[in-house]
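Below is one structure, written out as structure tokens, with a few remarks after it.
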Amino acid sequence: MTKRYGKLTALRNLDLTVEEGAVFGFVGPNGAGKTTTMRILATLLRPTAGEAWVVGHSVLNQRREVRRAIGYMPDFFGVYGDMKVWEYLDFFAACYEIPPETRQLLTDDLLELVDLAHRREDYVDALSRGMKQRLCLARTLAHDPRVLILDEPASGLDPRARIEIRELLRELQGMGKTILVSSHILSEIQEICTHVGIIEAGQLVATGTLAEMRKRIQAQRIVRIGLTGRIEEAQDWLSSRPDVMEVQPVTRNGEGDLQFLFSGDDDGLARFLSELVAAGFPVVMFREESGDLEDLFMRLTKGVVS
Ligand SMILES: Nc1ncnc2c1ncn2[C@@H]1O[C@H](COP(=O)(O)OP(=O)(O)OP(=O)(O)O)[C@@H](O)[C@H]1O
Ligand SMILES: [Mg+2]
């Protein structure tokens, strides 16, 4: 789909598939289009062109069915401060037409799930931010939706609360829910995600299972070498090789190091080192930088924002 806000194109032919049962981490820098995508999927916004389906229902003309199928947690949410915690959940359950006789049991279950049972009689206002966030997550679960669309559920939370949200997502996945969750911080969600999609300036720049994304990183290793001299010469030598890309000088205690991407396996890397030494370069350090998903993210998203 494509979404334009006036002259600004927030999504450009975004094509995205989230499989049933997946925990799909939707990652991208500020302004990439994550919230826009999620709002379209939640039927709160219409795409300028294109279409999307949630469990088979079109977001354009089966909005009611889509809404029944999803639980959407927005990036900013209002909580009604003058309600008690249990009343708040009861209210949303009522909105979803859950009959009064089952609501109390439901509310208790949900509070148990998000670990707020001991605060059920408190006013929502009296909850901390992290607790409000968990309450909001409980609210999105009231009608037992199959799909959860969570826009940065862990933003603004302390490390412990972030871990708690992560545990909660894991639990929800265990309950068979399909989860689309956005974040800026890839390393934070990579532990719970089965799939990752990286969005930049309204386009999907990479997507796949976590294993596929890891492979992608290993296909291009980041290598760093230290030389006692002939840096510029080495830079030219490296740049002329077909298996080397993006050679960059890095400063280390006043000495020059070079960092680059190397495509090749372990044997290739060993051969490369002996050729480097054979060429007479004064090598004092040679190491592979550990690449994680964050590196891939930084390489793929170059800070271009629509
Ligand atoms: N209502 C709006 N009117 C005009 N432009 C908008 C509107 N909402 C979003 N945009 C623009 O669309 C682009 C994508 O915004 P979006 O909120 O989807 O990004 P995001 O990936 O969620 O960013 P963040 O990580 O900051 O939450 C941005 O350039 C933003 O300024
Ligand atoms: Mg956003």
Need the failing condition index for GLY21 against (1) within 16 Å of ligand 1 (Cβ to nearest atom); (2) touching a residue at least 12 places away in the same chain (Cβ under 8 Å); (3) surrounded by fewer than 16 Cβ atoms within 10 Å (Cβ to Cβ), just the number.
(1)
What helices (runs of 4 or more DSSP H) completely inside the range 207-306 contain at least 3 residues that are under 30 Å from SER183 (Cβ atoms), in contact with a Lys or Arg (Cβ under 7 Å, 6 or more places away or on another chain) and at pLDDT 80 or above?
none
Does PHE76 satisfy the condition of being loosely packed, with under 14 Cβ neighbours inside 10 Å, within 16 Å of ligand 2 (Cβ to nearest atom), of a type in the set (A, V, I, L, M, F, W, C) and under 30 Å from ARG129 (Cα atoms)?
yes
Would you mind stating whether ILE198 is within 16 Å of ligand 2 (Cβ to nearest atom) and not in a loop (DSSP other than H, G, I, E, B)?
yes
Those residues that are surrounded by fewer than 18 Cβ atoms within 10 Å (Cβ to Cβ) and near ligand 1 (Cβ under 10 Å from one of its atoms), I need them from the range 40-55; list them, please.
LEU45
Report yes if GLU51 is in a loop (DSSP other than H, G, I, E, B) and in contact (Cβ under 8 Å) with a residue 24 or more places away in the chain, otherwise no.
yes
By residue number, the members of the range 171-190 that are surrounded by fewer than 17 Cβ atoms within 10 Å (Cβ to Cβ) and over 29 Å from ARG68 (Cα atoms) are ILE185, SER187
Heads up, the helices (runs of 4 or more DSSP H) in the range 119-191 (entirely inside) with at least 3 residues that are within 16 Å of ligand 1 (Cβ to nearest atom) and farther than 24 Å from PHE91 by Cα are 186-189
If you check THR37 against the conditions, is it near ligand 1 (Cβ under 9 Å from one of its atoms), touching a Leu at 6+ places or on another chain (Cβ under 7 Å) and closer than 14 Å to ALA201 by Cβ?
yes
Pair list, Cβ under 7 Å, 6 or more apart: the range 230-252 residue at positive phi, other residue at pLDDT 90 or above
ARG230/PHE281; ARG230/PRO282; GLU246/PHE260
Quick one: LEU148 ticks every box in (1) touching a residue at least 60 places away in the same chain (Cβ under 8 Å); (2) out of contact with any Lys or Arg (no Cβ under 7 Å at 6 or more places or on another chain); (3) not charged (D, E, K, R) except a single one, so which number is it?
(2)
Would you say ALA32 is of a type in the set (A, V, I, L, M), within 11 Å of ligand 1 (Cβ to nearest atom) and assigned to a strand (DSSP E or B)?
no
Which condition breaks for ASP15 when tested against (1) of a type in the set (D, E, K, R); (2) surrounded by fewer than 22 Cβ atoms within 10 Å (Cβ to Cβ); (3) within 16 Å of ligand 2 (Cβ to nearest atom)?
(3)
Could you say whether any residue in the range 98-108 is more than 16 Å from ligand 2 (Cβ to nearest atom), touching a residue at least 24 places away in the same chain (Cβ under 8 Å) and either in contact with a helix residue (DSSP H, G or I) (Cβ under 9 Å, 6 or more places away or on another chain) or assigned by TED's automatic domain parsing to the domain that holds ILE189 (or both)?
yes
Identify all residues within the range 121-164 that are under 30 Å from VAL66 (Cα atoms), surrounded by fewer than 15 Cβ atoms within 10 Å (Cβ to Cβ) and modelled with pLDDT of 90 or more; write none if there are none.
ASP144
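The values are calculated or read from the model by the stated rules, or taken from the named source; none is laboratory data. Treat the numbers as computed from the prediction; the structure is a model and nothing was measured. Please note: Cβ atoms are built from the backbone with ideal geometry, for glycine as well, and neighbour counts cover all protein chains shown.
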